[in-house]
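Notes follow the structure.
The values are calculated or read from the model by the stated rules, or taken from the named source; none is laboratory data. Keep in mind that what you see is a predicted model, and the values were worked out from it rather than measured. Positions of Cβ are generated from backbone atoms using ideal geometry, with glycine treated the same way; all protein chains shown enter the neighbour counts.
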């Protein structure tokens, strides 16, 4: 299959994004210079600027790339005959195989969002999108869309995101003094809490 110029450019962008993650992970958002990022991408600084004029542009592209992956995941959940099982399987894959660079990157984005309004807005938009997907998944799992249930789903979505974000940040921040077994046990606890508490069928109070 022939690759168009647009496809080739998109593949190049994705390759750059994958290469620069390690720089943000090791040097932080503020510590990473455009020269550092260009070097990681194996490009001249001038050529690198043709793709990304700023670090904010890189973070925006990383968020958009992750949102595309998230959208594909939730589409798979939505169309499944067993959305609860597929959702848990996707969460398990995310938690058990979370690369340390990804955990570091999102920790850095969280930190940068406290100082930079553009990053803060980007982070809010992403979290709002993910929250909507989770709420839609809970509707798909439980079926009910009553006002009381929708309010409960909103709270559960926020709690799920809090646990997963917390796990990712802990994995990165304690990587030098916490062994893999302890991290894995914490990941299992997060999954069990989501599966057995937040996704479990709600008892009928009138039953």
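The condition of being in contact (Cβ under 8 Å) with a residue 40 or more places away in the chain, in contact with a helix residue (DSSP H, G or I) (Cβ under 6 Å, 6 or more places away or on another chain) and buried (at least 17 other Cβ atoms within 10 Å of the Cβ) holds for only one of 86, 95, that being 95.
With the condition kept exactly as written, say whether any residue in the range 29-42 is under 18 Å from the mean Cα position of the chain (by Cα), closer than 30 Å to residue 193 by Cβ and surrounded by 17 or more Cβ atoms within 10 Å (Cβ to Cβ). Within the range 29-42 (the criterion being under 18 Å from the mean Cα position of the chain (by Cα), closer than 30 Å to residue 193 by Cβ and surrounded by 17 or more Cβ atoms within 10 Å (Cβ to Cβ)), the answer is no, since none of the residues qualifies. Among the criteria (1) surrounded by fewer than 19 Cβ atoms within 10 Å (Cβ to Cβ); (2) under 30 Å from residue 85 (Cβ atoms); (3) modelled with pLDDT under 90, the one residue 105 does not fulfil is (1).
In the range 171-188, the qualifying residues are those that are modelled with pLDDT of 85 or more and under 19 Å from the mean Cα position of the chain (by Cα), and the one that is nearest to residue 27 (Cα to Cα) is 183. Checked against the criterion of being under 18 Å from the mean Cα position of the chain (by Cα), exposed (fewer than 13 other Cβ atoms within 10 Å of the Cβ), assigned to a helix (DSSP H, G or I) and at pLDDT 90 or above, the candidates 121, 156 yield just one match: 121.
So which of 177, 153, 172, 133 is touching a helix residue (DSSP H, G or I) at 6+ places or on another chain (Cβ under 6 Å) and free of Cβ contacts under 8 Å to residues at least 24 places away in the same chain?
Values: 177 fails: touching a helix residue (DSSP H, G or I) at 6+ places or on another chain (Cβ under 6 Å); 172 fails: free of Cβ contacts under 8 Å to residues at least 24 places away in the same chain; 133 fails: free of Cβ contacts under 8 Å to residues at least 24 places away in the same chain.
Testing whether each residue is touching a helix residue (DSSP H, G or I) at 6+ places or on another chain (Cβ under 6 Å) and free of Cβ contacts under 8 Å to residues at least 24 places away in the same chain leaves just 153.
Do we find a residue being modelled with pLDDT of 90 or more and exposed (fewer than 13 other Cβ atoms within 10 Å of the Cβ) anywhere in the range 126-144? Yes - at least one qualifying residue is present in the range 126-144.
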